[in-house]
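A quick write-up on the structure given underneath.
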Amino acid sequence: MPYGPSVIEGVIPVGREPRYPLGSPGSRSEAAVIGWKDAGHSWYADEMARIEVAAERTIDAPPEVVYSYIANLEHHRQFLPPAFSDFAIESGGVGAGSVVSFKVTAKGRERRYRMTVAEPEPGRVVTESDTGSSLVTTFTVTPVGANSRVRIFTSWDGATGIGGVFERLFAPRVMEKIYLDELELLNDYARRQAASGSAL
């Protein structure tokens, strides 16, 4: 999802000298670096950089309960923020082997995902892998006393060129906000379930 202001191309960060001058044969694969720089801040990325987004918070519920809400897609859909829509469970519904599809809308842009669920560490880690791209989202649940700490981590291969620069600059900020909203909604959902006596 490309967003963002102006971008400087051909900036070489301190300590990284190109093997070839920029613009010469071989420079695109060996030394072309893209980024931006302003007073006191800078950002650089090689083309096709892996983009990573993470958000986490404490959830007021035991880890086994929180994990079950994440792994059970009927529960999970109850605490998705408004950015998610058209949520459909295509197969399974609980844990590894389930397939779910949905749309994510952010900054006026919309993208459809079809995710396959896995449980590399049952009771602690759930992953959702997009069948149409390199995107993988990992949910990790860690005990914190009687409560839990949940971390949502997503990574994918960024686009190339100027569009890729915008994506690497701004997509992580947008997705982090969406994930923080989801974690807040998860906490509210867990509290409501506990208050109603419906906690798993």
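The values are calculated or read from the model by the stated rules, or taken from the named source; none is laboratory data. Everything numeric in this text was worked out from a predicted model, so none of it was measured. Here the Cβ positions follow ideal geometry from the backbone for every residue, glycine too, while neighbour counts run over all protein chains shown.
The table that follows gives values for the structure above.
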| read-out | value |
| --- | --- |
| Condition check for residue 123: free of Cβ contacts under 8 Å to residues at least 24 places away in the same chain and not in a strand (DSSP E or B) | no |
| Selection within the stretch 183-199 - outside any helix (DSSP H, G or I) and in contact (Cβ under 8 Å) with a residue 60 or more places away in the chain | 199 |
| So residue 68, is it modelled with pLDDT of 50 or more, of a type in the set (S, T, N, Q) and over 30 Å from residue 146 (Cα atoms) | no |
| Residue list for the stretch 149-185, filter: modelled with pLDDT of 80 or more and among the aliphatic types (A, V, I, L, M) | 150, 152, 174, 175, 178, 180, 183, 185 |
| Number of the exception - residue 108 against (1) more than 19 Å from residue 156 (Cα to Cα); (2) of a type outside the set (Ser, Thr, Tyr); (3) buried (at least 16 other Cβ atoms within 10 Å of the Cβ); (4) modelled with pLDDT under 95 | (3) |
